[in-house]
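Q: Below: one structure in structure tokens.
The values are calculated or read from the model by the stated rules, or taken from the named source; none is laboratory data. Predicted model, so just to flag it, every value in this text is computed and none were measured. Cβ coordinates were reconstructed from backbone atoms using ideal geometry, including for glycine residues, and neighbour counts include every protein chain displayed. Just so you know, the surface numbers come from the protein's heavy atoms only, side chains and all, with ligands and any DNA or RNA stripped out. Shrake-Rupley method; radii C 1.70, N 1.55, O 1.52, S 1.80 Å.
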Amino acid sequence: LDILETTLRRHGHEIAALIMRSLCLPKFGILLVGEPGTGKTRFARAFAEILSMGIILLDMSTLGDDPDIVSGTDRIYSNARPGRILESMHQNRSSTGVLLVNELDKAGNSKGGRYVADMLLSILDKSGAFYENYLQENIPVDNLFCIATCNSLSDISAPLRDRFIVVQMPDYS
């Protein structure tokens, strides 16, 4: 617990202070790397509390390989529904929040040439919008700050990894 709090103070508070001073979210995200049980998800939740932001949770280990879970399904289908990002924004009643991508290294394989993890590129690029299939239009993502967790960097694509500040969480002591 002491190591987690030290890591949170050193990295989390610096970034939180930057956000509070500038009143805007940076273009980078935070990628927490470490063994299971080292407090990566707890760090992300504490960071969201510091900023008084809601959390949009994408647990990549349970999403499988269907990118429509993230971006919604087209309304031409009878079982169409919005994606997890839009649903969470609706639940939080805000488009501002911390996007917590848990277990990024466990993202599934491609479906129709689209990778779930690579869909995050449009969010991390802060290009202003993320295409939501259910609404059939772009939704603003400028006010999302992404924190991702993983056990190993080797399974994360280089373009995705380059959009994060990588923070190595300390191992058990």
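Q: Among the residues of the stretch 157-173, count how many are under 16 Å from the mean Cα position of the chain (by Cα) and open to solvent by 10 Å² or more (accessible area, probe 1.4 Å).
A: Adding up the residues that qualify gives 8.
Q: List pairs: first in the stretch 137-149 and part of a loop (DSSP other than H, G, I, E, B) and of a type outside the set (A, V, I, L, M, F, W, C), second modelled with pLDDT under 80 and open to solvent by 10 Å² or more (accessible area, probe 1.4 Å), Cβ under 7 Å, 6+ apart or cross-chain?
A: Listed pairs, sorted by first residue: 140/95; 140/128; 140/129; 142/126; 142/128; 143/25; 143/95; 143/96.
Q: Then there is this: I need a count of the residues in the stretch 150-164 that are within 13 Å of residue 28 (Cα to Cα) and not in a loop (DSSP other than H, G, I, E, B).
A: Here the count works out to 4.
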